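A.B. asks: Before we start, here is the structure in question, set down as structure tokens.
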Amino acid sequence: MNYKYWLIACVGFVILEILPPPTHFFFVCMAFGALGGAIAAVFSNLVWLPWVVFAVVSVALTPLMIPLAKFLFTPKPHASNVDALIGKKALVTEAIHPKAPGVVKISGENWRAVSEQDSFDKDQWVEIVKIEGASVIVSLPAGRQGDKS
């Protein structure tokens, strides 16, 4: 088989990979196998050698590429909406006392804030611990426990 046919097969496999539904790089493995077959056809007159190279390269790449595709295309969970606020720093704009709400500014937005045990004065930095309804629960920033300055 002529090397040109192997290159056509390589392009065909790439096109099959691009078309839906996603095949998670299966046809990319076949395309690399066909490319290997084309290279073998250029350097050898043996008719069977490109077929062997095609099979070996395709089979060898399949167990490597499919897990790579799953890793690349599996969505990773991330916090969104109010859950993304947890752990952020906020600036106190109205004093907060235990069980007496105040106001903090988070990313330019004002939020009602409650502290479960500490008091915070205006212009003090706090950390968002959790969200309850329309209020944020705050505490001292990590690494500053016991330091209320």
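The values are calculated or read from the model by the stated rules, or taken from the named source; none is laboratory data. From a predicted model like this one, the values you see are computed outputs, not experimental measurements. All Cβ positions, glycine included, derive from the backbone under ideal geometry; neighbour counts span all protein chains shown. Note: accessible area is taken over every heavy atom of the protein model, side chains too, but ligands, DNA and RNA are not part of it. Shrake-Rupley method; radii C 1.70, N 1.55, O 1.52, S 1.80 Å.
A.B. asks: Restricting attention to the stretch 102-132, report how many residues are over 17 Å from Gly87 (Cα atoms), at pLDDT 85 or above and open to solvent by 70 Å² or more (accessible area, probe 1.4 Å).
C.D. replies: The number of residues fulfilling the criteria is 3.
A.B. asks: Also, I was wondering about something else. Considering only residues of the stretch 79-101 that are of a type in the set (Lys, Arg) and within 35 Å of the chain's Cα centre (by Cα), which is most open to solvent (accessible area, probe 1.4 Å)? Break it down into steps so the answer makes sense when it comes.
C.D. replies: Taking the stretch 79-101 and keeping what is of a type in the set (Lys, Arg), we get 88-89, 99.
Restricting the remaining residues to those that are within 35 Å of the chain's Cα centre (by Cα) gives 88-89.
Numbers: Lys88: 84, Lys89: 101 Å².
Result: Lys89.
A.B. asks: Right, here's the next one. Since Ala31 meets every condition but one in (1) out of contact with any helix residue (DSSP H, G or I) (no Cβ under 7 Å at 6 or more places or on another chain); (2) among the aliphatic types (A, V, I, L, M); (3) surrounded by 14 or more Cβ atoms within 10 Å (Cβ to Cβ), which condition does it not meet?
C.D. replies: For Ala31, the exception is condition (1).
A.B. asks: Moving on to the next point. Using the structure shown, decide if Phe54 is aromatic (Phe, Trp, Tyr), modelled with pLDDT under 95, on the phi < 0 side of the Ramachandran plot and assigned to a helix (DSSP H, G or I). Talk me through it step by step, then tell me what you get.
C.D. replies: Working: aromatic (Phe, Trp, Tyr): yes; modelled with pLDDT under 95: no; on the phi < 0 side of the Ramachandran plot: yes; assigned to a helix (DSSP H, G or I): yes.
For Phe54, the condition - aromatic (Phe, Trp, Tyr), modelled with pLDDT under 95, on the phi < 0 side of the Ramachandran plot and assigned to a helix (DSSP H, G or I) - is not met.
A.B. asks: State whether one or more residues within the stretch 54-67 are open to solvent by less than 50 Å² (accessible area, probe 1.4 Å) and of a type in the set (S, T, N, Q).
C.D. replies: Yes, because at least one residue in the stretch 54-67 is open to solvent by less than 50 Å² (accessible area, probe 1.4 Å) and of a type in the set (S, T, N, Q).
A.B. asks: Could you say which residue among Lys76, Lys4 is open to solvent by 40 Å² or more (accessible area, probe 1.4 Å) and under 30 Å from Ile128 (Cα atoms)? Full working, then the answer.
C.D. replies: Values: Lys4 fails: under 30 Å from Ile128 (Cα atoms).
Checking each option against the conditions leaves just Lys76.
A.B. asks: Now, a different point. Does Ala38 satisfy being free of Cβ contacts under 8 Å to residues at least 40 places away in the same chain and part of a helix (DSSP H, G or I)?
C.D. replies: Values: free of Cβ contacts under 8 Å to residues at least 40 places away in the same chain: yes; part of a helix (DSSP H, G or I): yes.
So Ala38 passes the test.
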